[in-house]
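The values are calculated or read from the model by the stated rules, or taken from the named source; none is laboratory data. Fair warning: this is a prediction, and the values are worked out from it, not measured in the lab. Because the Cβ atoms are built from the backbone with ideal geometry, glycine has one as well, and the counts that use them run over all protein chains shown. Accessible surface is based on the protein model in full, side chains and every heavy atom, while ligands, DNA and RNA are left aside. Shrake-Rupley method; radii C 1.70, N 1.55, O 1.52, S 1.80 Å.
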Amino acid sequence: MVATQRRGRRIMMTPAERDAFLSKQRTCRVATVSADGRPHVSALWFVWDGASLWLYSITRSRRWADLRRDPRLAVVVDAGEEYGELRGVELSGTAVFVGEAPRTGAPCPELVEPEGMFARKNFDLDAMPHDGRHAWLRLTPDAVASWDFQKLAAERGR
């Protein structure tokens, strides 16, 4: 069950707005917990399938090692330069490792859709190129919060 956003209801995105926003954005920031308890934040490309965020991570990264030890993570996707343009979504939960690691392209039915989406969105290709260095993480969020400051400007304009 996804936690309901309590604060900022006036500026939160509707599910349709959130899905459209996540479908258009390319880069997210992923926060993990290091072995010493320190947070670690790194940028990744992603795809959103309407229920889960799919992350394609280098398997020899600090992020991957952190998630192998403690699969909890938080992800922020945001956009905007000026205050009234700021929009974003924060998703948090537990990472699930999907498919082989590293990914070489062995058949994995669960990855057919996200790999197709990722290849089209990020590489303008029909099929996913595999480099033997990356693998898939799926985040089906336990909590989602969103904001769209454009709604404040629209409120003021009424």
### Task
Specify the residue that is surrounded by the fewest Cβ atoms within 10 Å (Cβ to Cβ); the eligible residues are those in region 68-81 that are of a type outside the set (A, V, I, L, M, F, W, C) and assigned to a strand (DSSP E or B).
ARG72
#### Entry: Options GLU113, GLU90; residue that is outside any loop (DSSP other than H, G, I, E, B), open to solvent by 10 Å² or more (accessible area, probe 1.4 Å) and touching an Asp or Glu at 6+ places or on another chain (Cβ under 7 Å)
GLU113
### Message
All but one of (1) modelled with pLDDT under 95; (2) within 28 Å of ALA153 (Cα to Cα); (3) in a loop (DSSP other than H, G, I, E, B); (4) not β-branched (Val, Ile, Thr) hold for GLY84; state the number of the condition that does not hold.
### Response
(3)
### Message
Please verify whether THR32 is polar (S, T, N, Q), out of contact with any Gly (no Cβ under 7 Å at 6 or more places or on another chain), over 23 Å from ALA119 (Cβ atoms) and modelled with pLDDT of 95 or more, treating the condition exactly as stated.
### Response
yes
## Note on the structure
Of the listed residues (ALA65, ALA119), the one being open to solvent by less than 10 Å² (accessible area, probe 1.4 Å) and either in a helix (DSSP H, G or I) or of a type in the set (Val, Ile, Thr) (or both) is ALA119
### Summary
Apart from one, (1) surrounded by 15 or more Cβ atoms within 10 Å (Cβ to Cβ); (2) touching a Gly at 6+ places or on another chain (Cβ under 6 Å); (3) within 20 Å of SER23 (Cα to Cα) all hold for ASP142; the odd one out is (1)
### Task
From PRO107, PRO102, PRO129, grab the single residue that is open to solvent by 80 Å² or more (accessible area, probe 1.4 Å) and not in a helix (DSSP H, G or I).
PRO107
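To keep it simple, each residue is scored yes or no on (1) hydrophobic (A, V, I, L, M, F, W, C); (2) under 15 Å from the mean Cα position of the chain (by Cα).
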{"position": "MET13", "(1), (2)": "yes, no"}
{"position": "ALA16", "(1), (2)": "yes, no"}
{"position": "ALA20", "(1), (2)": "yes, yes"}
{"position": "GLN25", "(1), (2)": "no, yes"}
{"position": "PRO39", "(1), (2)": "no, no"}
{"position": "LEU55", "(1), (2)": "yes, yes"}
{"position": "ALA65", "(1), (2)": "yes, no"}
{"position": "PRO71", "(1), (2)": "no, yes"}
{"position": "GLY80", "(1), (2)": "no, no"}
### Query
All but one of (1) within 23 Å of GLY132 (Cβ to Cβ); (2) in contact (Cβ under 8 Å) with a residue 40 or more places away in the chain hold for ASP66; which doesn't?
(2)
### Summary
Listed by first then second residue, the pairs whose first member lies in region 102-113 and is among the charged types (D, E, K, R), whose partner is open to solvent by 40 Å² or more (accessible area, probe 1.4 Å) and at pLDDT 95 or above, with beta carbons under 9 Å and at least 6 positions apart or on separate chains, are ARG103/ARG133; GLU110/GLY99; GLU110/ARG138; GLU113/ASP49
### Message
Among the residues that make up region 40-58, is at least one of them open to solvent by 50 Å² or more (accessible area, probe 1.4 Å) and either farther than 18 Å from TRP136 by Cβ or polar (S, T, N, Q) (or both)?
### Response
yes
